[in-house]
1. For segment 368-392, give me each residue that is farther than 25 Å from PHE196 by Cβ, more than 9 Å from ligand 3 (Cβ to nearest atom) and touching a strand residue (DSSP E or B) at 6+ places or on another chain (Cβ under 9 Å).
2. Just one of the numbered conditions (1) more than 21 Å from PHE385 (Cβ to Cβ); (2) modelled with pLDDT under 95; (3) outside any helix (DSSP H, G or I) is not true of VAL339; which one?
3. Condition check: modelled with pLDDT under 95, within 30 Å of ASN20 (Cα to Cα) and touching a His at 6+ places or on another chain (Cβ under 9 Å). Does ALA182 satisfy that?
4. I'm told LEU382 meets every condition in (1) modelled with pLDDT of 90 or more; (2) out of contact with any Ser or Thr (no Cβ under 8 Å at 6 or more places or on another chain); (3) surrounded by 14 or more Cβ atoms within 10 Å (Cβ to Cβ) except one. Can you identify the failing condition by its number?
5. What are the pairs with Cβ atoms under 9 angstrom where one residue, in segment 104-125, is under 13 Å from GLN156 (Cα atoms) and the other, located anywhere, is among the polar types (S, T, N, Q) and loosely packed, with under 13 Cβ neighbours inside 10 Å? Sequence gap at least six, or different chains.
6. What residue, of ARG169, ARG187, ARG181, is touching a Ser or Thr at 6+ places or on another chain (Cβ under 7 Å), farther than 30 Å from ASN400 by Cα, in contact (Cβ under 8 Å) with a residue 24 or more places away in the chain and of a type in the set (Lys, Arg)?
7. For segment 31-41, does any single residue satisfy the condition of being within 22 Å of LEU123 (Cα to Cα), of a type in the set (Ser, Thr, Tyr), away from ligand 1 (no atom under 11 Å from the Cβ) and at pLDDT 95 or above?
Amino acid sequence: MQQTFGYPQFRGLQADIVANAIAGQDALVLMPTGGGKSLCYQIPAIARQRMGHGLSIVVSPLIALMHDQVRALHEVGVAADYLNSALTMEESRAVETRAWRGETTLLYAAPERINTPRFLDFLDALHQRGQLALFAIDEAHCVSQWGHDFRPEYRQLTLLHERYAGVPRLALTATADAITRADIIERLQLQEARVFVSSFDRPNIRYQIVEKTDARKQLLRFIEDEHDGDAGIVYCQSRKKVEETAEWLCMQGVNALPYHAGLSAEERQRNQDRFLREDGLVMTATIAFGMGIDKPDVRFVAHLDMPKNIEGYYQETGRAGRDGQPADAWMAYGLADVVNQRRMIDDPHSPASAEYRQVMRSKLDALLTMAEAPDCRRQRLLAYFGEQSAPCGNCDNCLNPPQTWDATEAARKLLSCVWRVQQKSGIGFGAAHIIDILRGKATDKVHQHEHARLSTFGIGADLSEQQWRSVLRQLLALDAVQTDAEAFNTLRLGPAARDILAGQRPIHLRQAAPRQERGSRRPTRPASGRPADQAAQALDAAASARLADLKAWRAEVAR
Ligand code: ADP
Ligand code: MG
Ligand code: ZN
């Protein structure tokens, strides 16, 4: 590392990972973007070649990434090549010849190459001569459909294990929650591999999540107040919104460019180059932009629309502040986002399996929980990746703690109600029924099951239905209550219920926004067609749409 790369020392887990690979062992490496994953396989590749083991193959999903890495390796005098669709037949042959002669240390290959008969023959021949030193599988989350960037070609990489037994494999990724991690291990058959998990903390990034009122204006104020003249990325969900937002920002005097998959290849390249080279540009983009972009001084990443899950959020916000200087991750979040994301997951026209939808729903829920949480954002984010930490003191919630109310007693009431209902009737019931019992509503169902006789009947009349839902949402997130998907989403106690019932775990909830009673005080007048009335009607329509969304959302969350 010192001789070739000129770095004085290893960072974090690099030394252990390198030693493990040099010794010929498999590993799964989870390390955040910018953590230094490349060295983890580049150094073993150099070392193992010197030990006589031959060539290392690096599987990488993006041509641009390969080019950058190979160029950087050439600069430090390491023999590296790549094979991808950008090469002519002749160039590919030349690359293979060099590798065959033992002149190459690292060969980068696109995943779809791996399954071509020609390339497999080539690998087979090397393997027979004992000249395959290592397989590095970069961006390994691409193998999992639970990951945020599934690439079917990655599935074929299973054959490496079967066909080239004994050649060590190193799978590396910057994001993988528990379920994706398990999936990578299974798909790549890394059950025996050591798992190295670095801290995912990016201490220089300040996380802020604001409630959406007028997202564009909020964004503009954020940029003007805190990032005037800085380089940043603004993520939007649709191509149309990308274009509109870029245009609008330009009109407001912000130097913005669009980027999405619908633009021509040249325009995308041109905008990307400008973003990398010039100072203070704001890239307005869909998530098509970003992977492999190594611009150190991105000072903010803003989300005008909520990502699908925490992995996406972490990955996208992680593009800010790679130079270690203070940077902001800012997101505007509203009910419409939630409704949209749910709709996409539940879209009956999509071919997604029930299992897939279920996983996506729970991933989205985790992001919602984080967005709604009154406590440290960073702590929540890290906890999602299995990391314990103390409140950071540098996120919006740490800096300006939101108003909360103590819901500990309410949580205990709810839990005992779930318990008593189950005891009495021998079966579980859904959220709405439990809340009816708590609020003392004598519905038909309550009568039918004689639930008005329960000691918990009416003990929660002091709270609104909305408040109960928020308590329940929190308890679901904490795993104190679980839903039984097999039995109509009925509620039952979860493992965390005990501590809460015993009063050992205080629960604080973000104060619900004051409820908007829709126009009830306003005297009703016949519509006269005057502009003021039209405006009032439009407002009413917007309010009912919002209310409908709110109801749909609550129903979803309650389920
Ligand atoms: P990742 O693939 O994990 O996102 P990279 O491998 O691209 O990260 O490394 C990010 C940056 O950190 C690169 O500029 C790399 O040269 C630098 N780097 C990696 N390891 C070290 C180290 N031990 N000391 C100094 N710089 C390092
Ligand atoms: Mg990398
Ligand atoms: Zn914090």
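The values are calculated or read from the model by the stated rules, or taken from the named source; none is laboratory data. It should be emphasised that the depicted structure is a prediction, and the values quoted were computed from it without experimental measurement. Glycine also receives a Cβ, built like all others from the backbone with ideal geometry; neighbour counts cover every protein chain displayed.
1. Hits for segment 368-392 are LEU368, MET370, ALA371, GLU372, ALA373, PRO374.
2. (3)
3. no
4. All conditions are met except number (2).
5. That search, which allows pairs on different chains as well, returns ALA110/SER85; GLU112/SER85; ARG113/SER85.
6. ARG187
7. No, segment 31-41 has no match at all.
Each row is one residue, and each column tells you yes or no for (1) over 18 Å from ALA99 (Cα atoms); (2) not aromatic (Phe, Trp, Tyr).
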position: THR116; (1), (2): no, yes
position: PHE119; (1), (2): no, no
position: GLY130; (1), (2): no, yes
position: HIS148; (1), (2): yes, yes
position: TYR164; (1), (2): no, no
position: VAL167; (1), (2): no, yes
position: THR180; (1), (2): yes, yes
position: GLN189; (1), (2): yes, yes
